[in-house]
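The values are calculated or read from the model by the stated rules, or taken from the named source; none is laboratory data. Given the structure is predicted, the values throughout are model-derived calculations rather than measurements. Because the Cβ atoms are built from the backbone with ideal geometry, glycine has one as well, and the counts that use them run over all protein chains shown.
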């Protein structure tokens, strides 16, 4: 009977294959765990951190102004009617009527003050339909503004209550995602902007579901899409623009919501 002989070289090759397979398996498991942790960090931890930071900044602004902010009520359209005798109606359905009187009142409310410092939080945006209350900071830097969970004000666009376009940007996903659900806003919904000087109430008017990321016309003083010209306005007015990325979890296009100034209430 012949006894099979196993060469040492064969044993070494088998051992090497086992080590390669084992090491490859360990690497795949490690990579999977790292990727999972990155997803958790990006989708959960950044939101938690940014929302906490944003809430803290809102409270700080309220303390600075000397009075707590108005609680966010449930339901759409809150604040559009019955704003109170002290609230100044702006008039003009297209945002153009009564402009001289509005400019005088806006100046008295402090909207003509010097522009805030870069990345400074100076206002609070409240959207009752979405249960959203978030700080507004100057500029749209990711690191210094948007990734903190703030909404950013496009430099060069107007300030709250001023004639022209008060244009804002916010993340739709991760880092607090304040604008995740602005696609749910409907005409007639209210958006409030509080500053140290006044509370401005805008009313949602139109939505541009998708446009190019480079469509700068949507934040012009008279906002109109340069990509889809049927969306936008043709007359000067007092506008609010909210912009964010779309579809969700991408930055390919932009979603735009426009509103018009309805009223202003000095503090």
Residues of the range 153-164 classified as surrounded by fewer than 24 Cβ atoms within 10 Å (Cβ to Cβ) and outside any loop (DSSP other than H, G, I, E, B), total: 3
Scan the range 169-220 residue by residue and report those that are under 11 Å from residue 259 (Cα atoms) and surrounded by fewer than 16 Cβ atoms within 10 Å (Cβ to Cβ). 186, 187, 188, 206
Going residue by residue through the range 220-234, is there one that turns out to be under 14 Å from residue 137 (Cβ atoms) and in contact with a strand residue (DSSP E or B) (Cβ under 9 Å, 6 or more places away or on another chain)? no
If the requirement is being free of Cβ contacts under 8 Å to residues at least 60 places away in the same chain, farther than 18 Å from residue 192 by Cα and either over 22 Å from the mean Cα position of the chain (by Cα) or surrounded by fewer than 17 Cβ atoms within 10 Å (Cβ to Cβ) (or both), which of these qualifies: 223, 247, 236? 247
Breaking point among (1) touching a helix residue (DSSP H, G or I) at 6+ places or on another chain (Cβ under 8 Å); (2) at pLDDT below 95, for residue 256: (2)
Quick test of your reading of the structure: residue 217 fulfils all but one of (1) under 20 Å from residue 126 (Cβ atoms); (2) not in a loop (DSSP other than H, G, I, E, B). Name the failing condition by number. (1)
Of the residues in the range 165-206, those that are outside any loop (DSSP other than H, G, I, E, B), more than 17 Å from residue 232 (Cα to Cα) and in contact with a strand residue (DSSP E or B) (Cβ under 8 Å, 6 or more places away or on another chain) come to 169, 182, 190, 191, 192, 193, 194, 198, 199, 200, 201
